[in-house]
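Reviewing the structure listed below.
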Amino acid sequence: MAVQGSGRRGRRAGLAGGLWAAGELAVTVGAVVLLLVVHQMWWTNRQALAGAREEVRALERGWEEPERLAPPAAEADADAEADAETDARPEPDPGPSEARSAAGPGPSPSAPGGAAPPAGRAPARDQSYAVLRIPRLGLVVPVAQGIDKKAVLDKGYAGHYPGTAQPGEEGNFALAGHRNTHGEPFRYLNRLRAGDEVTVDLRGQRYTYVVGRILPETTERDTGVVAPVPRSAVKPGYGYSEPGAYITLTTCTPEYTSKYRLVVWGTLKR
């Protein structure tokens, strides 16, 4: 009997030890998950918000600097003579980077300080070049070319859909932004109402749009919402039917998911 009792106590002790180890593991895993949530929901927001605010300041500082003026006539003549001499020399074989340039235009590097691109030239990919302001939401955020997650959206910027119009142009100036995490610039997009104003600043220019229509929910594949004349292909009752100068703001919905898209449209204030 004594031997059997000792065996039962040993088994109980082993079971208790296993349960204790499992409990410790569960607590450790829970702590790691909590840290990941804190990092995703809090730290990435702080980083992206700080970076986006600094980018707005950099853009505005760059716009305050005088644009480079044309060189004086004498200097231009000297440059022309130097160019003529250079043209007379045999051209060296292009290196790898020169060969790439000769092959065709590609993404140019971001301008220092996020300066706006010269008039008539499209911004470089991932380059910030404008500032979006939504007074009702207290939102001031840089706009960058493209909607790449890592290079644009995760920085807390609004991303310009490639192929859509630029600010002030006829067509649809379409933007995307995070609703949660990474600065979440479009978190409260659902609070916008018809008549609210949305402004877009570039160097020396400001374009004001007036919110007109809102699509509370559509699929992520509803490309009609960013068409030149924006109209939902999923819910045709939402959108416009005539050409104009539009702005489109898109983000995920419901909050903390990416299942659907919330869309806000506005028209350029003439």
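Looking only at region 125-144, decide whether some residue is modelled with pLDDT under 95, touching an Asp or Glu at 6+ places or on another chain (Cβ under 7 Å), of a type outside the set (A, V, I, L, M) and buried (at least 19 other Cβ atoms within 10 Å of the Cβ). Taking every residue of region 125-144 in turn, none turns out to be modelled with pLDDT under 95, touching an Asp or Glu at 6+ places or on another chain (Cβ under 7 Å), of a type outside the set (A, V, I, L, M) and buried (at least 19 other Cβ atoms within 10 Å of the Cβ). Which condition number in (1) within 16 Å of Thr250 (Cβ to Cβ); (2) at pLDDT below 95 is the one that Thr181 fails? Thr181 satisfies all of (1) within 16 Å of Thr250 (Cβ to Cβ); (2) at pLDDT below 95 except (1).
Residue pairs whose Cβ atoms lie under 7 Å apart, sitting 6 or more positions apart in sequence or on different chains, and linking a residue in region 33-58 that is exposed (fewer than 12 other Cβ atoms within 10 Å of the Cβ) and acidic (Asp, Glu) to a partner that is outside any helix (DSSP H, G or I) and modelled with pLDDT under 60, do not occur here.
Meeting the requirement of 2 or more residues that are touching a residue at least 40 places away in the same chain (Cβ under 8 Å) and farther than 20 Å from Val143 by Cβ, the strands (runs of 3 or more DSSP E) wholly within region 153-270 are 205-218. Only a single item in (1) in contact with a strand residue (DSSP E or B) (Cβ under 7 Å, 6 or more places away or on another chain); (2) within 21 Å of Gly51 (Cα to Cα) is not met by Tyr188, and it is number (1).
The requirement of being at pLDDT 95 or above and farther than 22 Å from Ile147 by Cβ is fulfilled somewhere in region 243-250, by at least one residue.
The values are calculated or read from the model by the stated rules, or taken from the named source; none is laboratory data. Small disclaimer: the values here were computed from a predicted structure and weren't measured. Note that we place each Cβ from the backbone using ideal geometry, even for glycine, and neighbour counts take in every protein chain shown.
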